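The values are calculated or read from the model by the stated rules, or taken from the named source; none is laboratory data. Note that the structure is a prediction, hence the values are computed from the model and not measured. For neighbour counting, all protein chains shown are included, and Cβ atoms are generated from backbone atoms with ideal geometry for every residue, glycine included. Surface accessibility is based on the protein's heavy atoms, side chains included, excluding ligands, DNA and RNA. Shrake-Rupley method; radii C 1.70, N 1.55, O 1.52, S 1.80 Å.
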Amino acid sequence: MKITCISDTHGLHNHMTNYHKLESGDVLLHAGDFSNIGKKSEILDFIAWLHRQLKQFNHIVFIAGNHDRSMDPMFIETKSSVGHIKINHNYEMQKPEWLLDAISHLDKRIHYLENSGVSIDDINFWGSPITPNFYEQYWAFNRARGEEIAKYWDMIPKDTNVLITHGPAMGIGDYIKDQKVNVGCEELETKVRYELPELKLHVFGHIHDGYGKKIERNTTYVNASICTEQYVPKNAPIVLEL
């Protein structure tokens, strides 16, 4: 299976080809942050773009990231008194109707995962948008480190072959150069390194500085951030055979 990995396109998915061609393959994976702040227009444009990619890929699997705020039931898009778009807390705790409708009308070969999985050609995929807390009042799918976030990693089935999370595990593609610090999730590191015996591929993004590929034992780890730290979409999609 030929898998093409991308992440953190931040609304610039239509401009990726200015730097690198998106090659045809069996599965296209997007590990979240496909928008800037999760506005309706951004999300619908991205979903339309995904449908166009079905000319090149047999299946598409994608998750949300912390920037894709309307995907998180905690947030809702509203108009402020001065006519700007902002994201407020959603006390009804449900996705907006326009988003539910868009997800329900995805082509059957496009799979949106949110702490859920799908099997494609006998390969088990699992996806989660959850990341450790970082200005959680502004960003989506944030959870506290420790027991709270570990509950989501405990949901990952042991027979998972391909894991897509928005954020990295601690020490794997998570180094921020300016701050000289690793910011990945410790609980996720325990899960991917020691508790998923069938894991062949872990794809993530979130930390643009961490772009690249690493192989440990039988698992390939891919930080597929397309945008650089300066939000220029010039990193190449990472393609591999599984």
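The C-beta contact set for segment 215-242 (first residue assigned to a loop (DSSP other than H, G, I, E, B), second residue open to solvent by 90 Å² or more (accessible area, probe 1.4 Å), distance under 6 angstrom, 6+ apart or interchain) comprises Lys234/Tyr19. Note on segment 4-43: residues that are more than 24 Å from Pro168 (Cβ to Cβ), touching a helix residue (DSSP H, G or I) at 6+ places or on another chain (Cβ under 8 Å) and free of Cβ contacts under 8 Å to residues at least 40 places away in the same chain total 1. Just so you know, in segment 33-77 the residues that are at pLDDT 95 or above and basic (Lys, Arg) include one that is farthest from the chain's Cα centre (by Cα), and it is Lys55. Kindly indicate whether any position in segment 11-20 is over 22 Å from Asp209 (Cα atoms), open to solvent by 10 Å² or more (accessible area, probe 1.4 Å) and touching a Lys or Arg at 6+ places or on another chain (Cβ under 7 Å). No, segment 11-20 contains no residue that is over 22 Å from Asp209 (Cα atoms), open to solvent by 10 Å² or more (accessible area, probe 1.4 Å) and touching a Lys or Arg at 6+ places or on another chain (Cβ under 7 Å).
Here Met155 does not fit the description of being over 18 Å from Ile6 (Cα atoms), aliphatic (A, V, I, L, M) and in contact with a helix residue (DSSP H, G or I) (Cβ under 6 Å, 6 or more places away or on another chain). Restricting Tyr211, Tyr194 to those that are at pLDDT 95 or above, open to solvent by 10 Å² or more (accessible area, probe 1.4 Å) and more than 21 Å from Tyr19 (Cβ to Cβ) reduces the list to Tyr194. Residues in segment 174-186 that are at pLDDT 95 or above and in contact with a Gly (Cβ under 7 Å, 6 or more places away or on another chain) were compared, and the one that is farthest from Ile6 (Cα to Cα) is Cys185. For the condition open to solvent by less than 20 Å² (accessible area, probe 1.4 Å), free of Cβ contacts under 8 Å to residues at least 40 places away in the same chain and touching a strand residue (DSSP E or B) at 6+ places or on another chain (Cβ under 9 Å), Leu50 does not qualify. When restricted to residues that are within 21 Å of Asn124 (Cβ to Cβ), in contact (Cβ under 8 Å) with a residue 60 or more places away in the chain and not in a loop (DSSP other than H, G, I, E, B), segment 173-213 contains 3.
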